Amino acid sequence: MRYLTRVALLFLIGFSCTQNSQDESARAFSGAYSALLEKYDLLADSVNSDSSYWALQDSKKMDLQMLLSQYDDKDASPSLEIVRSQILIELKEYEKAIAKLDEVIEKETNFLDFARFEKVRALHALDEMSEALTLFESIQREPEMNDSYLRVLLNFAYGAPELSDQEKYTRQLLQLDTWPENDLKYKSYMYRNLALIEFKKGNTSEAKSILDEGMTVLKEAGQTQILESTLKLINLVGTEAPDLFAETWINSGPLRLKKLRGKVVVIDFWATWCAPCRAVIPSLVEIYEKYKNNGLVVIGYTRLYGSYRDDKQRLGPVEPKDEIRLTGEFLKRFETIVTYQELISNLEKRENIRKNSNPESQPPGRVSQAALWNWRVSGGG
């Protein structure tokens, strides 16, 4: 039922105040959209291969487009245009959605705030965070407390342009008792986020206090692991960085951190299944190519998971030798750009490093505060 709280219900509140035929059509349109998303949400639970996943996505896209076409002959009333924009956002046609929403906003009807909220969602998808924040703060009617609203707040907590705005929305989220799918892991994320914001500001003791508070609040829910690991990372700042251990190295032979003293070493913890990890590869390459002659070393660090998936394949459980081969094949797709070192470790040794080190170190082999902040931004790899 995840999609039902995320979509359309927010706007049925506005529709309930009127009884004209346009809004009746909008209610039917919105109901059909929610039913369609619920259907595909349930089907997604049974997907077990890459081919079936993409086939499901293609089928969903066709059904969404068909639903849009069924209401093409309806008037462009504000309520109908809002539902159309929601479907366009689902189809990742953000500019088209924004164009429709701008028309609704210009009319300044009772649906003004609903249209503004949907436009914020589209702007988030386009990474237009400044415009999204300004628009969000102009909304006068507080949106319904559902997953869609919470995810907007989460986006601002992590991605607002100013640190002060990130702190504002992180603290606002920590006041809530309702979380996406009732999953309190999101609350642990916000305690971590707030702690690392304070750490970035130089308030190390306050950061530790926030983590301690979070561990107390979330102990009974069993959501303290990420807070405990963040506290360990904060305590590691300024200490000696532990060495690397791995069985497989790509683009170089084994490296030892003690042999890299005097250089800036960036260690990127990543996985083939992690979309943000894949997205950061071009940025890492750009930084490496720019500063490699000035002593920058970039090392990509992953481990064996016992299964394999990436942006093109979902293979499920695989043998270690096959996972290493598949990871190497994944990297070959980036061979024209990935020139820094990559290494693959087994679970036991890699987890030991994650418990006792930070994703980056700086000369002379010490964990840096900037490194910990970058780890927060990337989500820890």
* Asked: Applying the Karplus parametrisation 6.51 cos²θ - 1.76 cosθ + 1.60 with θ = phi - 60° to the phi angles of the stretch 313-325, what ³J(HN,Hα) value in whole Hz is obtained for each residue in order, glycine and proline being reported as x?
  -> 10, 9, 9, x, x, 9, 6, x, 5, 6, 5, 5, 4
* Asked: Counting other Cβ atoms within 10 Å, which trypsin sites (Lys or Arg not before Pro) in the stretch 126-189 have at most 14 and lie in a DSSP loop?
  -> R141
* Structure fact -> Quick tally, 1.4 Å probe accessible area for T178, T327, sorted with the most first, runs T178, T327
* Please work out the Kirkwood hydrodynamic radius for the stretch 150-223, using every pair of different C-alpha atoms, and report it in angstroms with one decimal place. => 12.3
* Cα-based equivalent ellipsoid, the stretch 146-285: semi-axes from gyration tensor eigenvalues, Å -> 31, 19, 16
* Candidate aspartates and glutamates for bridging to K312, where Cα separation is under 14 Å - those fewer than 8 sequence places away on the same chain excluded -> D50, E329
* Asked: How large are Rg and Dmax for the stretch 240-302 when only the alpha carbon atoms are used, in Å?
  -> 12.2, 33
* Percent carbon-and-sulfur accessible area, the stretch 225-269, ignoring ligands, DNA and RNA, probe 1.4 Å -> 55
* Based on the mean of other Cβ atoms within 10 Å per residue, sort peptides 88-100, 109-121 so the most packed one is first. => 109-121, 88-100
* Accessible area of the stretch 37-148 divided out per residue, in Å², using a probe of 1.4 angstrom -> 51
* Go through the stretch 131-146 residue by residue and turn each phi into a ³J(HN,Hα) via Karplus (6.51, -1.76, 1.60, θ = phi - 60°); whole Hz please, and just put x for glycine and proline. => 5, 4, 5, 4, 5, 4, 6, 8, 6, 8, 8, 5, x, 4, 6, 9
* **Cβ charges +1 (Lys, Arg) and -1 (Asp, Glu), total dipole of the stretch 124-172, debye** => 160
* Approximate shape of the stretch 12-162 as ellipsoid semi-axes (Cα gyration tensor, √5λ), whole Å, largest first -> 25, 22, 14
* Quarter of Cα convex hull surface for the stretch 152-192, i.e. mean projection, nm² -> 2.6
* **Compactness of the stretch 48-124 - radius of gyration and Dmax, Cα, Å** => 14.2, 47
* Of the peptides 281-288, 52-59, how do they stack up when ordered by the mean number of other Cβ atoms within 10 Å, highest first? -> 281-288, 52-59
* Structure fact -> Any residue on another chain or 5+ positions along whose placed amide H is under 5 Å from the amide H of D268 is listed here as I299, G300, Y301
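The values are calculated or read from the model by the stated rules, or taken from the named source; none is laboratory data. Owing to the predicted nature of the structure, the values given are computational and were not obtained by experimental measurement. FYI the Cβ positions are ideal-geometry reconstructions off the backbone, even for glycines, and counts take in every protein chain you see. Calculation scope for accessible area: heavy atoms of the full protein, side chains included, ligands and nucleic acids excluded. Shrake-Rupley method; radii C 1.70, N 1.55, O 1.52, S 1.80 Å.
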